[in-house]
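Comments concern the structure below.
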Amino acid sequence: MAAVASAFDSAATGYDIGFTRTAIGAAMRSAVWARCAARFPAGSHILEMNCGTGEDALWLAGRGIAVLATDVSPAMLQIAANKLAAAPAPAAVRFERLAWEDLESFAAGPFDGVLSNFGGLNCVADLKAAARALGPKMRAGATAILCIMGPVVPWEWVWFLGHGDPRRAFRRLRRGGARWSGITIHYPSIATTRRAFRPQFRVSRVSALGALLPPPYIEKWIGRHPRTLAALDRLERRFETRWPLPQLADHYVIELERV
């Protein structure tokens, strides 16, 4: 997993500026937080995989949730630890280094819920192995909220074709995944993810994230049209579970119940 760690170490410094603090990034994260609020009550003990710079972990802790937040990237974890140290009040968060591929041997749990936000599972080649490892770490009836980049994104087709870049427009449809920063990114469909997590998990809900909302790399353009962005966000949240929005989204949020 050294290649994955290196790729995200390189991205760590600019991650919050390039995504977390953007209008699109904030809208997308807010939608995921709404699902966390619905599924993870105060007093829960949550495992967060691929926690990045710690935004989700600190938000969950602010709601009275204990969080074990993990990531494969030391640079991401350092930024997260710095945020925790600068927090105005003590937070029940612990950061540790962990890759999805090492989860099976990780001596922790069982947890009341699991969060994997913004494409961490897209870096995993074997979803079935990830599911097998995750199951024993969760209590019966616990919910896993997984935010995964999907393969079919019309926004991406229109944007990159309009900029004369068909290779990037259809990169997610490439057999075997697409290369990014020295690693392979996979784009499993909702159906593929559903099959991979059976029979340990049952799908309880799937919603769209970035079907009507534009993808983050359009921030410079949409930033000049905040009312349009707000209207698209409201519309997407209203119809986020309606077919075909989850199937056509930049990310889909799939909620799985441990059975």
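The values are calculated or read from the model by the stated rules, or taken from the named source; none is laboratory data. Only a predicted model underlies this, so the values are computations on that prediction, with no experimental measurement involved. Here the Cβ positions follow ideal geometry from the backbone for every residue, glycine too, while neighbour counts run over all protein chains shown.
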- Provide a single number: the residues in the range 116-129 that are crowded, with 17+ Cβ neighbours inside 10 Å, within 18 Å of Ser73 (Cα to Cα) and in contact with a Ser or Thr (Cβ under 9 Å, 6 or more places away or on another chain). 2
- Can you find even one residue in the range 46-67 that is under 30 Å from Arg227 (Cβ atoms), touching a helix residue (DSSP H, G or I) at 6+ places or on another chain (Cβ under 9 Å), β-branched (Val, Ile, Thr) and assigned to a loop (DSSP other than H, G, I, E, B)? yes
- Query: Could you say which residue among Ala87, Ala169, Ala108 is hydrophobic (A, V, I, L, M, F, W, C), more than 19 Å from the chain's Cα centre (by Cα) and under 30 Å from Leu232 (Cβ atoms)?
  - Reply: Ala169
- Message: Kindly evaluate Leu121 against the criterion of being over 18 Å from Phe201 (Cβ atoms) and in contact with a strand residue (DSSP E or B) (Cβ under 8 Å, 6 or more places away or on another chain).
- Response: no
- Just to be sure, is Ile254 at pLDDT below 95, crowded, with 17+ Cβ neighbours inside 10 Å, touching a helix residue (DSSP H, G or I) at 6+ places or on another chain (Cβ under 9 Å) and hydrophobic (A, V, I, L, M, F, W, C)? no
- Query: With Leu232, Leu212 as the choices, which residue is surrounded by 14 or more Cβ atoms within 10 Å (Cβ to Cβ), part of a loop (DSSP other than H, G, I, E, B) and free of Cβ contacts under 8 Å to residues at least 60 places away in the same chain?
  - Reply: Leu212
- Taking Gly14, is it touching a Pro at 6+ places or on another chain (Cβ under 8 Å) and part of a helix (DSSP H, G or I)? no
